[in-house]
Amino acid sequence: MLRLADKYAFEITNVQAVHLNVFPENERAKKCYESVGFTERKTDLNVFVYKDESWGRCNMVIRKG
């Protein structure tokens, strides 16, 4: 599904890069995105606060190849 979305983005809409955000603690999701070519671009800690919890954001990118 991710490869199909990337193909659509690069071939149909002709974008140069696709970005996504994932919680840094979600290692399974990060590995899934890395398996199709996404790389970690930037991680920000404590971006989202909910009640007494604080969550980070990992921005990942795949570029047109």
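Derivation of every value follows stated rules applied to the coordinates shown; laboratory data play no part. None of these values were measured; they are calculated from a predicted model. Heads up, the Cβs are rebuilt from the backbone with ideal geometry, glycines too, and the neighbour counts pull from every protein chain shown.
How many residues are in a strand (DSSP E or B) and in contact with a helix residue (DSSP H, G or I) (Cβ under 7 Å, 6 or more places away or on another chain) when one looks only at segment 43-65? Can you show your working first?
Going through segment 43-65, the residues in a strand (DSSP E or B) turn out to be 43-50, 53-63.
Checking which are in contact with a helix residue (DSSP H, G or I) (Cβ under 7 Å, 6 or more places away or on another chain) leaves us with 58, 60, 62.
Residues that pass the stated criteria total 3.
If a residue has to be among the aromatic types (Phe, Trp, Tyr) and under 21 Å from Gly65 (Cβ atoms) to count, how many in segment 34-54 make the cut?
Adding up the residues that qualify gives 1.
Out of segment 9-33, which residues are in a helix (DSSP H, G or I) and closer than 15 Å to Gly65 by Cβ? Spell out the reasoning first.
Here is the first cut: in segment 9-33, the residues in a helix (DSSP H, G or I) are 9-12, 27-33.
Once the filter is applied, which keeps residues that are in a helix (DSSP H, G or I) and closer than 15 Å to Gly65 by Cβ, segment 9-33 yields Ala9, Phe10, Glu11.
Can we say Tyr8 is free of Cβ contacts under 8 Å to residues at least 40 places away in the same chain and surrounded by fewer than 13 Cβ atoms within 10 Å (Cβ to Cβ)? Break it down into steps so the answer makes sense when it comes.
On the way: free of Cβ contacts under 8 Å to residues at least 40 places away in the same chain: yes; surrounded by fewer than 13 Cβ atoms within 10 Å (Cβ to Cβ): yes.
When the stated conditions are applied, Tyr8 passes them.
Of all residues in segment 48-65 being among the aliphatic types (A, V, I, L, M) and surrounded by 13 or more Cβ atoms within 10 Å (Cβ to Cβ), which is nearest to Phe10 (Cα to Cα)? Outline the logic, then answer.
Residues of segment 48-65 that are among the aliphatic types (A, V, I, L, M), as a first pass: 49, 60-62.
From what's left, surrounded by 13 or more Cβ atoms within 10 Å (Cβ to Cβ): 60-62.
Numbers: Met60: 16, Val61: 13, Ile62: 10 Å.
Ranking the qualifying residues of segment 48-65, first place goes to Ile62.
Would you mind stating whether Glu40 is under 11 Å from the mean Cα position of the chain (by Cα), surrounded by 10 or more Cβ atoms within 10 Å (Cβ to Cβ) and in a strand (DSSP E or B)?
It is true that Glu40 is under 11 Å from the mean Cα position of the chain (by Cα), surrounded by 10 or more Cβ atoms within 10 Å (Cβ to Cβ) and in a strand (DSSP E or B).
Between a first residue in segment 30-57 that is closer than 29 Å to Arg3 by Cα and in contact (Cβ under 8 Å) with a residue 24 or more places away in the chain and a second residue that is in a helix (DSSP H, G or I) and aliphatic (A, V, I, L, M), which pairs have beta carbons less than 9 Å apart while being 6 or more apart in sequence or on different chains?
Qualifying pairs under 9 Å: Cys32/Leu2; Tyr33/Leu2; Val36/Leu2; Gly37/Leu2; Phe38/Leu2.
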